[in-house]
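Visitor: Following this message is one structure expressed as structure tokens.
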Amino acid sequence: MFDYEEKAKQNYAKFMEFIESDSRAEQLKAMYEKLGEQLISAPASSKTHYHNAFPGGYIDHVVHVCESATKVAMTYKGIGGNVDFTKQEMVFAALHHDLGKLGTEDGPYYIDQDSDWHRKRGEMYKHNEHIQYMKVTDRALYMLQKCGIEMTEKEWLAIKLSDGIYDEGNVAYYKNFSVYPMKTNLPYIIHWADHMASMAEKDMVKF
């Protein structure tokens with residue numbers, strides 16, 4: 001039987017290693033202290049047919065995306081792509097692209113689904129209506145700025161655009177009439193890593 005608690009501990013250790021390697025480590029740790037156990041206990045999605053809809057699914061996902069981004073960036077560089085960002089920028093964006101799913105110090109983003117009808121159909125969590133609605137990436141950027149954590153332009157764009165054109169609001173960035181609308185490739189790397197990690201996590205349930 002899969003030990004979710006042990007996996008969460010391993011993921012937390014990896015997560016903190018990544019945080020400690022960042023020059024903003026103290027500010028980041030202070031932010032996560034405000035969020036309490038949400039970092040460890042939050043799921044990555046609400047439905048079992050999405051991905052990682054279990055306690056600890058969030059931290060498992062962001063660590064997975066971080067590790068995947070490293071491999072994607074290496075592959076991209078290997079086929080002639082331009083890696084025009086630092087490792088710190090890539091790791092920071094990967095770890096925080098879904099930060100909004102933790103909610104705020106006022107409450108979690110996801111709460112347990114109390115409807116048996118919904119649970120039987122795979123919806124294990126529901127959105128917490130007691131906190132202000134925001135898109136996940138918008139809340140991520142809001143939380144980071146609220147805690148005084150400065151970002152580079154590349155990090156900001158990579159977090160904002162991590163859902164690719166699955167978020168219609170990103171079309172203006174990705175589909176632009178400029179010759180080279182994106183001045184950095186980091187948003188592509190983070191989106192590809194996020195999408196592939198999510199699909200792999202869904203496969204673990206599907207198969």
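Visitor: Among what's in the stretch 154-206 and is hydroxyl-bearing (S, T, Y) and under 18 Å from M134 (Cβ atoms), pick the residue that is surrounded by the most Cβ atoms within 10 Å (Cβ to Cβ).
Guide: Filtering the stretch 154-206 for residues that are hydroxyl-bearing (S, T, Y) and under 18 Å from M134 (Cβ atoms), the one surrounded by the most Cβ atoms within 10 Å (Cβ to Cβ) comes out as S162.
Visitor: Moving on. Of all residues being β-branched (V, I, T) and either in contact with a strand residue (DSSP E or B) (Cβ under 9 Å, 6 or more places away or on another chain) or within 20 Å of A73 (Cα to Cα) (or both) in the stretch 170-207, which is modelled with the lowest pLDDT? Just the residue, please.
Guide: Checked the stretch 170-207; the qualifying residue modelled with the lowest pLDDT is T184.
Visitor: I'd like to check something: does the stretch 39-51 contain any residue that is surrounded by fewer than 14 Cβ atoms within 10 Å (Cβ to Cβ) and farther than 19 Å from P108 by Cα?
Guide: Within the stretch 39-51, one or more residues are surrounded by fewer than 14 Cβ atoms within 10 Å (Cβ to Cβ) and farther than 19 Å from P108 by Cα.
Visitor: Moving on to the next point. Just give me the residues in the stretch 37-49 being over 14 Å from the mean Cα position of the chain (by Cα), assigned to a loop (DSSP other than H, G, I, E, B) and touching a residue at least 60 places away in the same chain (Cβ under 8 Å), in sequence order.
Guide: Scanning the stretch 37-49 gives S46, T48, H49.
Visitor: How many residues are hydrophobic (A, V, I, L, M, F, W, C), within 22 Å of Q88 (Cβ to Cβ) and without any contact (Cβ under 8 Å) to a residue 60 or more places away in the chain if we restrict to the stretch 135-177?
Guide: So the answer is 6.
Visitor: Mind checking which helices (runs of 4 or more DSSP H) fall wholly inside the stretch 68-168 and carry at least 3 residues that are closer than 26 Å to K14 by Cβ and modelled with pLDDT of 95 or more?
Guide: Ranges flagged: 87-96, 136-146, 153-160.
Visitor: Which one is nearest to L186 (Cα to Cα), of the residues in the stretch 132-176 that are hydroxyl-bearing (S, T, Y) and within 16 Å of the chain's Cα centre (by Cα)?
Guide: S162
Visitor: For the stretch 1-31: of the residues being touching a residue at least 12 places away in the same chain (Cβ under 8 Å) and aromatic (F, W, Y), which is surrounded by the fewest Cβ atoms within 10 Å (Cβ to Cβ)?
Guide: This residue is Y4.
The values are calculated or read from the model by the stated rules, or taken from the named source; none is laboratory data. From a predicted model like this one, the values you see are computed outputs, not experimental measurements. Methodologically, a virtual Cβ is constructed for each residue, glycine included, from the backbone with ideal geometry; neighbour enumeration extends over all protein chains shown.
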